[in-house]
Every structure is written in structure tokens, then in C-alpha cells.
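The values are calculated or read from the model by the stated rules, or taken from the named source; none is laboratory data. Keep in mind it's a predicted model, so treat the numbers as computed, not measured. Please note: Cβ atoms are built from the backbone with ideal geometry, for glycine as well, and neighbour counts cover all protein chains shown. Just the protein is used for accessible areas: all its heavy atoms, side chains included, with ligands, DNA and RNA removed. Shrake-Rupley method; radii C 1.70, N 1.55, O 1.52, S 1.80 Å.
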Amino acid sequence: MIYLKPITHNNINDFAGTSYDAMSFEERQNMIDESINKIHDKSYFEFLVSYENDTVIGFMNLYAHSEHIISCGPAIKEQFQNKGFGFYTETMALKYAKDRGYTIAIASVDENNKSSIALHEKLGFELDRNYFNRQGRNMRLYVKTL
């Protein structure tokens, strides 16, 4: 059974196999503290852990852009990718966000991340536009009504 729980400091060493693995211990602590306090840059922020039974399979971050718009960012561990876990994790996170009053979800996806593009399109996100992020990477902005 797959389920989501808010991150705690007990998860500080669970990032192996995700893009968050490159963060320093201090950066991880700060991110967890922000999630516990549910605020980052004066906006709602929450970092959820995705489990299959008692095994951490990945993470989902939620960040509010406004009262009604939330961004969702999945990070599934390498050994669990391409097995449907991202779909179930993000589906649950979108319901979680909708239950908190958000009506629009957005996702910024790297143009080269074919798996994430396929995931967001399967979830019903629509491509809004392509753009270059601050690091100069070509990105896709996806939008979905919740």
C-alpha cells in the first residue's frame, strides 16, 4: 500500500537515489524544518514522504504560489522509477492539495526529463509554455485544474 506522510527529521537519511541526495546535511535539516513549519519564502510549503508499506519510495514537495495555485514536485527513488509509484504519489499529493483548498496545480519539468513529461501528461496536466529557468535549462510549465 502506498501512502504519504509529512517529512520528519527521522527522514534525514532517506534521500539516496533522488535529486535531493546532493543536498548537504544542513540543507536537508533546513528543508525539513521549513516543511514542519509549513513555510518557505513566506509561502505555504510542505514536503511529503511517499511510502510503500514501510519503505520510503520517494518524496513530493508542495509549494503555494498563491491562495489557489500550488506546485507539485515529485522525486521518486531510482529503484522505484518507471513502476507507477510517481503516478500514485502525485495523485495522492494532488488530492491532498485539493483538500486544502487549492484549485490549480502547476509543475515545472525539465525538457529532457521524458519520464516526468509523460507522468504529468498522464495525470492530465496541460502544457502552458516552454521557458528557460534561472540556470538556463529549457523547462516546460504544466497546469492542471484540481
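A few comments on the model shown:
- By a 1.4 Å probe calculation restricted to protein chains, K122 has an accessible surface near 150 Å², given to the nearest 10.
- Within the chain, antiparallel bridges make up roughly 90 percent of the DSSP beta bridges whose residues both belong there.
- Residues listed by number, region 1-43, amide nitrogen under 12 Å from N133 label point at 7 Å toward C-beta: 19-20
- Cα centre as origin, Lys/Arg/Asp/Glu Cβ charges: the chain dipole, Debye: 380
- The candidates I39, I32, arranged from most to least accessible area with a 1.4 Å probe in the full protein assembly, appear as I39, I32.
- Spin-label model, D21/E121: points 7 Å from Cα along the beta carbon direction are separated by 2.8 nm.
- Among the listed pairs K38/K144; K42/K83; K42/K122, a Cα-Cα separation exceeding 30 Å is found for K42/K83; K42/K122.
- Residues V49, V143, sorted by accessible area with the largest first, give V143, V49 [1.4 Å probe; ligands and nucleic acids excluded].
- Of the listed residues R100, R134, R140, the order by accessible area with a 1.4 Å probe, largest first, is R134, R100, R140.
- Extension reserve of the K144-N10 stretch, reckoned as 0.36 nm per residue once the Cα distance is removed: 45.0 nm
- Highest-fluctuation residue, G86, G17, G73 considered, GNM on the chain with Cα pairs under 10 Å: G17
- Fraction of accessible area attributable to carbon and sulfur, the chain (%, probe 1.4 Å): 48
- Top of F47, F59, F85 by mean-square fluctuation, Gaussian network on the chain, Cα under 10 Å: F85
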